[in-house]
Amino acid sequence: MTRLVETLRALPGPPLPERHGQALAEALGACLAADHVRLVLRLPAGLDSAAGYRVQEYGAGRVPEVGDAGRGEEPAAGREPPPSATIRLEHDGHALGEVRVDPPAAARRLRDWPELLTVTRLLASELRARLCADDAEQMLRRGAAQLADARLRAAGDMERQRYHLERDLHDGAQHHMVALQMSLALVEHHLGAGDRVEAAGHLQRLKDLLASTEEVLHSTATGLLSLPLADHGLVTALAARLGTLDTLTMDIDPLLSGRRYPPEVEATVYLACLEAVSNAHKHVPGAKVTLTLRTSARGLSFDVTDTGPGFDASGPMPLRQLAERLATVGGTLTVRSSPATGTQVSGFVAI
């Protein structure tokens, strides 16, 4: 018995369950002069025992051949069955596992040696506790890694949402800011020319634009689509937003009347059209702008053209953010322009 305890205590290094389990099986076999000892521990599969159990085994000595006593085979006719070679280990009414000993006489020695059986049970209980602690530590490490991963994903989601909010403000609210500037400039122009009637008309339009801008900012901040867009579709929403602009002509395919597309497609094309029109008004004030919207068997397309001076489009991709927005729904963007020819911004989404 002392030899059993000292064998385990003499092991170098930290208390590793695998090494101690093997050493316990070997020391127990030596104490019992057994041919073979197998220590079987019953461990919870998780921190909650209701999750099930797993088995950890350690063996020492010669593995009994098939047909050996104590393996559960039926005895020959006229012979007494051999005594059981399996000894259950329990602690406080809970099953720790069992010790399987061959030959059966060695198992009887363990049963008849209560001190050795008690020490074996205590060492098996300690070993089981270490294994459970290792399981718990591994679960905690996995939980910490999963938590770190979840935090990283949450941070990424927040960053994407922030980017989408910035993009919505840029694509949607910016159009209204440009329209406000244009209306204010017209009011100032007519007042300077002494035309109070025209100035009053543009002043009323300026008030309407202010109310509309407030609605857009509120909708963007709360993450909601334009109500006309959500309720009535793309054509109605674009008419509500752009119909009051004097310098804009809308050429809408009659087949689009009443037709609906997936919400993400409608929102993307809607905001893309607003940004393209807003950019035209911002860079070429006073130029005529035409918004063309078409549908076909291939998908939905739009063109925003202006009569401005144009620019050299051979450099870096213009309107990169707009192209990225369309790409989220499988769409593409093309910008055509050259000096003195105006600019055409075309988008297409396959449906």
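The values are calculated or read from the model by the stated rules, or taken from the named source; none is laboratory data. All figures in this text were calculated on a predicted structure; none of them were measured in a lab. Cβ placement follows ideal geometry from the backbone for every residue including glycine, while neighbour counts extend to all protein chains displayed. These area figures cover heavy atoms from the full protein model, side chains too; ligands, DNA and RNA do not enter into them. Shrake-Rupley method; radii C 1.70, N 1.55, O 1.52, S 1.80 Å.
Summary of computed values
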| quantity | calculated |
| --- | --- |
| Any hit, the stretch 308-326, residues being among the charged types (D, E, K, R), under 25 Å from Ala230 (Cβ atoms) and exposed (fewer than 14 other Cβ atoms within 10 Å of the Cβ) | yes |
| Leading residue by the ranking (nearest to the chain's Cα centre (by Cα)) among those in the stretch 91-110 that are in contact (Cβ under 8 Å) with a residue 12 or more places away in the chain and open to solvent by 70 Å² or more (accessible area, probe 1.4 Å) | Arg100 |
| Meets criteria (farther than 20 Å from His281 by Cα, open to solvent by 20 Å² or more (accessible area, probe 1.4 Å), at pLDDT below 80 and β-branched (Val, Ile, Thr)) for Thr244 | no |
| Residue satisfying condition, being at pLDDT below 80, in a helix (DSSP H, G or I), farther than 17 Å from Leu180 by Cα and open to solvent by less than 80 Å² (accessible area, probe 1.4 Å), within set Thr268, Thr213, Thr220 | Thr220 |
| Complete set of residues in the stretch 338-351 that are at pLDDT below 90 and under 22 Å from Pro285 (Cβ atoms) | Ser338, Pro339, Ala340, Thr341, Gly342 |
| Number of positions in the stretch 242-265 that are more than 23 Å from Thr334 (Cβ to Cβ), within 36 Å of the chain's Cα centre (by Cα) and part of a helix (DSSP H, G or I) | 1 |
| Near pairs, Cβ below 7 angstrom, 6+ apart or cross-chain, from the stretch 251-266 (free of Cβ contacts under 8 Å to residues at least 12 places away in the same chain) to any residue that is open to solvent by 20 Å² or more (accessible area, probe 1.4 Å) and in a loop (DSSP other than H, G, I, E, B) | none |
| In the stretch 273-294, the residues that are under 15 Å from Leu234 (Cα atoms), open to solvent by less than 20 Å² (accessible area, probe 1.4 Å) and assigned to a strand (DSSP E or B) | Leu291, Leu293 |
| Any chance Leu4 is open to solvent by less than 60 Å² (accessible area, probe 1.4 Å), in contact with a Cys (Cβ under 7 Å, 6 or more places away or on another chain) and either more than 27 Å from Asp134 (Cβ to Cβ) or modelled with pLDDT under 80 (or both) | yes |
| Every pair of residues 6+ apart whose Cβ atoms lie under 7 Å, when the first sits in the stretch 181-194 and is of a type in the set (A, V, I, L, M, F, W, C) while the second is modelled with pLDDT of 80 or more and surrounded by 13 or more Cβ atoms within 10 Å (Cβ to Cβ) | Met182/His281; Val187/Ala199; Val187/Leu203; Leu191/Ala199 |
| Considering residues of the stretch 327-344 that are more than 16 Å from Thr292 (Cβ to Cβ) and hydrophobic (A, V, I, L, M, F, W, C) only, the residue surrounded by the most Cβ atoms within 10 Å (Cβ to Cβ) | Val329 |
| Residue match in the stretch 155-170 (condition: surrounded by 13 or more Cβ atoms within 10 Å (Cβ to Cβ), charged (D, E, K, R), under 29 Å from Glu18 (Cβ atoms) and at pLDDT below 75) | no |
